[in-house]
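For reference, the structure discussed in these notes is given below.
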Amino acid sequence: MSTTLASAPRRTFPRWFRDKGWRHLVGVATSVFAVFPLLYVLSAALNSTGTLAGSASLFSQISGDNFAKLFGNEQRPFGRWFVNTMVVGLITSAASVFLGALAAYAFSRMRFTGRRAGLLSLLLLQMFPQLLAVVAIFLLLSGIGEIIPALGLGSQLGLIMVYLGGALGVNTYLMYGFFNTVPQSLDEAAKLDGASHAQIFFGIILRLVTPILAVVGLLTFIGISSEFVIASVVLTDPNNQTLAVGLYSFVANQRTEDWGVFAAGAVLAALPVMALFLFLQRYIVSGLSAGSVKG
């Protein structure tokens, strides 16, 4: 045993770098590339100068003045914007996941007239972003607001409906592919026991597709939290605006722009996304583990 170990040639550094070392180098370079913008934003948030030029040196100043200004401005209620973003984001994410799962289950498990055309329509809808329909959305909500003010311009409920309409196609198509990986023999066995489609969907299918539900919910929340164009058109009242729209007001005017306060708000706006990712991570991992043996 000792003779074999002693006779084994020692791996040289060029050989190690050619086999595995270059992967570590690429990983370190990628990590630095991803972390540097985050450090720069955090440094600008802690710098009281309020300009990007003054934040060129990372963490040259550490102060909480920007966070105090962020919460002390009554004309720009950051706390209300934060709550509005949570309400709109969580409701839209939950509704998108639920509606998308219902549609994906129907396309995956049921056979009906127009099924293929519906799938092709969902695929085509993904090619056109909601940004192209801003004018149509504005006119549509203006007309609806005259009849139902709660769904018109300036209402968060109207914005949620717009988001749901745009996300349904993408989410349904993503879930449809994942639903097809669940063996239909499980459905057939449940039907033999007298289970209905609703019992199969809520009792069996949803438990097996946990990973895609968590991913879709997370991606939807991230997209809504950072969406600016449609939210700025729909939400006209400053008290109903989301973080993306409200924070832009700090840098919209060139003479009064304050990048330090904007960076402080961006740091706080990233916390809910991080918290949601950490919360859903265990469901993604557990769902993948359960899905690996579900067959």
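Find which of 168, 85, 155 sits farthest along the positive direction of the dipole of the chain, computed with +1 on the beta-carbon of Lys and Arg, -1 on that of Asp and Glu, about the Cα centre.
The residue sitting farthest along the positive end of the dipole is 168.
Quick one, could you list the DSSP H helices from the chain stretching 30 Å or more along their long axis (Cα atoms) with average Kyte-Doolittle hydropathy of 1.0 or above? Working shown, then result.
Working: long enough: 22-45 (35 Å, 1.45); 78-109 (45 Å, 1.15); 156-179 (31 Å, 1.23); 259-291 (46 Å, 1.58).
Membrane-span-like by this criterion, though nothing is claimed about a membrane: 22-45, 78-109, 156-179, 259-291.
Can you give me the % of accessible surface on the chain that is carbon or sulfur? Probe 1.4 Å, all protein chains present, nothing else counted.
On the way: 11830 of 17380 Å².
About 68 percent, which is the carbon plus sulfur part of the accessible surface.
Quote the accessible area belonging to residue 12 in square angstrom, nearest 10, computed with a 1.4 Å probe and with ligands, DNA and RNA left uncounted.
It works out to around 80 Å².
Mind running the shape call on the chain? Use the C-alpha gyration tensor, a ≥ b ≥ c as the square roots of the eigenvalues: rounded below 1.5 for a/c, prolate if a/b tops b/c, oblate otherwise.
Values: a/c = 2.42, a/b = 1.03, b/c = 2.35.
Oblate.
Using helices alone, I'd like the mean residue ellipticity at 222 nm for the chain: each DSSP H run of four-plus residues gives -39500 (n - 2.57), total over residue count, nearest 500. Intermediate values should be presented prior to the final figure.
On the way: 14 runs with 198 residues, N = 295.
Using -39500 (n - 2.57) per qualifying helix, the result is -21500 deg cm²/dmol.
Can you tell me the order of 163-170, 61-68, 257-264 when each peptide is scored by its average per-residue count of other Cβ atoms within 10 angstrom, highest first?
Working: 163-170: 19.2, 61-68: 14.9, 257-264: 23.1.
Order by mean packing, descending: 257-264, 163-170, 61-68.
With a 10 Å radius around each residue's Cβ, average the other Cβ atoms per peptide and rank 154-161, 143-150, highest first.
Details: 154-161: 19.8, 143-150: 11.6.
Output ranking for 154-161, 143-150: 154-161, 143-150.
Assign one of three labels to the stretch 77-252, namely rounded, prolate or oblate, based on the Cα gyration tensor with a ≥ b ≥ c the square roots of its eigenvalues; rounded applies when a/c is under 1.5, prolate when it is not and a/b is larger than b/c, and oblate otherwise.
Working: a/c = 2.49, a/b = 2.01, b/c = 1.24.
Verdict is prolate for the stretch 77-252.
Only Cα pairs within less than 10 Å get springs; with that Gaussian network setup on the chain, which residue of 84, 240, 180 has the largest fluctuation?
180
Rank 38, 213, 141 by mean-square fluctuation in a GNM of the chain with C-alpha springs under 10 angstrom and give only the top-ranked residue.
Taking springs between Cα atoms under 10 Å, the residue moving most is 38.
Quick check on the stretch 58-102: take the gyration tensor over C-alpha atoms, sort the square-rooted eigenvalues as a ≥ b ≥ c, and tell me if it's rounded (a/c under 1.5), prolate or oblate.
Values: a/c = 7.28, a/b = 2.28, b/c = 3.19.
Here the stretch 58-102 falls in the oblate category.
Got a sec? What order do 76, 116, 111 fall in by accessible area at 1.4 Å, biggest, i.e. largest, first? Please list the in-between numbers first.
On the way: 76 65, 116 180, 111 155 Å².
My answer, sorted largest first, is 116, 111, 76.
The values are calculated or read from the model by the stated rules, or taken from the named source; none is laboratory data. Fair warning: this is a prediction, and the values are worked out from it, not measured in the lab. Using ideal geometry, Cβ is built from the backbone for each residue, glycine included, and neighbour counts are taken over all protein chains shown. Surface areas here come from the heavy atoms of the whole protein model, side chains and all, with no ligands, DNA or RNA. Shrake-Rupley method; radii C 1.70, N 1.55, O 1.52, S 1.80 Å.
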